[in-house]
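What follows draws every value from the coordinates through simple rules; no lab data is involved. Quick caveat, the model's predicted, so the values are computed rather than measured. Glycine also receives a Cβ, built like all others from the backbone with ideal geometry; neighbour counts cover every protein chain displayed.
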Amino acid sequence: MRIRIPSRKVRERFLLTYELEGCQKAVDCLTRHYRVRRMRIILNGRKVGNGDIAVYFENKAFFTKKGLNKRTVLHELFHHLVYVRGLEVPQRMEEKAANDYARDFLRQHSVSRLRKRVCVMVG
C-alpha cells in the first residue's frame, strides 16, 4: 500500500489554502488532486471519544478544537484515501502509514522552503 506524497506545487497550494481559506477547502484541494470524493471536516469534540483528538468514519473526519491542525488533518485524509480506494490494511499498519504520510508531507514542504531560502541567501 503506497499513497504518494503530491508534488511540491500541490503541497504549497494545500498549505496556502489551509492558511487563507480554511481546512475544508484545503482538503477539497487534495481530494481533487487524488481524484476521490471529498472528505467532510466536522469540528465536534463529542463525536471523538477515548481521549483522541480526531477520528475518521465514512467520508467524515471529526476533530476536537485542540486536534484541528495540519498534521492531524493530513493524518485523517490518509484514512479517507484508504477507505475510498477500498484498501484492506491492518489498523496498526494504517495508523503508522498515516503518521508517516502526514510527517513526510510537512517535512518535504519545509525542506523545499529551506532550500529556497539558502539559494536566495547564497545567490
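Listed values, structure above:
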| read-out | value |
| --- | --- |
| Calculated [θ] (222 nm, deg cm²/dmol) that DSSP helices of n ≥ 4 give over the chain, each run adding -39,500 (n - 2.57) | -20500 deg cm²/dmol |
| Sites matching GluC sites (Glu not before Pro) across region 1-65 that sit in DSSP coil, with at most 11 neighbouring C-beta atoms within 10 Å | Glu58 |
| Charge dipole (debye, nearest 20) of the chain; +1 at Cβ of Lys and Arg, -1 at Cβ of Asp and Glu | 440 |
| Given charges at Cβ of Lys, Arg, Asp, Glu: the chain dipole, positive-most of Gly22, Ala97, Val84 | Gly22 |
| Mean-position separation - Cα centroids, region 67-92 and region 2-23, in angstrom | 15 |
